[in-house]
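I have placed the structure first, in the form of structure tokens, so that the comments after it can refer back to it.
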Amino acid sequence: MKKYTHIFFDLDHTLWDYDANATETINELLDKYQLVDDHAVDRDTFLKEFFLINNELWSRFNKGEVDKEFIRTRRFRMVLNKLEVEGFDNIKGLQEDFITECPTKGKLIPGADEIVKKLSKAYTLYIITNGFDDIQHTKVKYCGLEDYFEEIITSERAQVQKPDPTIFHFAMDLAMVDKSNSLMIGDNIGSDIVGAISAGIDQVYFNPENHTNGIKPTYEITHLDQLADILL
């Protein structure tokens, strides 16, 4: 095995369980704003539409087609319009509460806490994420992983999104490490794996749902505890 010294993790869906944390937050907000009782909103339908729309908006963000304010201010309006909800006049409060509350949820992908703690004893750890500075730092703080990472490099900070190799070079320059000693771990085959390949960095594709694609990463795992077999 090659000798890595620095490991770069993606955050959402790799360490921080976005779906679980967003689901918890949305259920709380559906109650707070009485969307179920007063507007006959079905929880499961609302959640399904939220994730469909949110994922599409993030895909557009990664392509540079929309900015963070567009996502923050439009996704809930789009969900409510899709569900034909009428008479609800506090979309601003709903979207602001989601932005404030969701990052404070601490659910992690199974095995994330244990493997990060183990790897931190042998490697220098960083996060490279396409998220926003304020949100991503809050997530790492509240999920209990803050002390294990040297830096959180966001696309907002680097002024470029994954998969552009520039953000990976930005991170390596910050860490003062060569690409031969670097390893990228992430769940997104396009943003994380293709991006790392373009930057000349070895990769671990975290693929819990066994998606098929034409890309061959350096390593592939379905559970985070398998990182121990590769790195420890």
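The values are calculated or read from the model by the stated rules, or taken from the named source; none is laboratory data. Since the model is a prediction, treat every value here as computed from it, not as a measurement. Neighbour counts run over all protein chains shown; Cβ positions are idealised from the backbone, glycine included.
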Within the stretch 145-162, can one find any residue that is charged (D, E, K, R), over 17 Å from the mean Cα position of the chain (by Cα) and not assigned by TED's automatic domain parsing to the domain that holds Phe51? yes
Cβ contacts < 7 Å: first residue charged (D, E, K, R), restricted to the stretch 102-121; second residue buried (at least 20 other Cβ atoms within 10 Å of the Cβ) and assigned to a loop (DSSP other than H, G, I, E, B), any location; separation 6+ or different chain. Result? Lys107/Asp17
Only one residue in Glu56, Glu24, Glu69, Glu49 is in contact (Cβ under 8 Å) with a residue 60 or more places away in the chain and assigned to a helix (DSSP H, G or I), so which one is that? Glu24
Residues of the stretch 58-85 being at pLDDT 95 or above and closer than 22 Å to Ile167 by Cα, which ones? none
Could you tell me whether the stretch 200-216 includes any residue that is surrounded by 18 or more Cβ atoms within 10 Å (Cβ to Cβ) and assigned to a helix (DSSP H, G or I)? no
Kindly provide the set of residues from the stretch 102-114 that are buried (at least 17 other Cβ atoms within 10 Å of the Cβ) and in a helix (DSSP H, G or I), ordered by number. Cys102, Pro103, Ala112, Asp113
Considering (1) within 26 Å of Phe51 (Cβ to Cβ); (2) aliphatic (A, V, I, L, M); (3) touching a Phe, Trp or Tyr at 6+ places or on another chain (Cβ under 7 Å), say which one Ile135 fails and leave the rest. (3)
Inside the stretch 183-199, the number of residues satisfying the requirement of being part of a helix (DSSP H, G or I) and out of contact with any strand residue (DSSP E or B) (no Cβ under 8 Å at 6 or more places or on another chain) is 4
Restricting attention to the stretch 201-210, the residues that are touching a strand residue (DSSP E or B) at 6+ places or on another chain (Cβ under 9 Å) and farther than 11 Å from Asp10 by Cβ number exactly 4
List the helices (runs of 4 or more DSSP H) inside the stretch 115-182, counting only whole elements, that have at least 2 residues being within 25 Å of Asp19 (Cβ to Cβ). 133-142, 155-158
So which residues in the stretch 141-174 are closer than 20 Å to Asn188 by Cα and touching a Leu at 6+ places or on another chain (Cβ under 7 Å)? Ile153
Mind telling me which of the residues Leu29, Leu80 ends up being touching a residue at least 40 places away in the same chain (Cβ under 8 Å), surrounded by 18 or more Cβ atoms within 10 Å (Cβ to Cβ) and not assigned by TED's automatic domain parsing to the domain that holds Glu209? Leu29
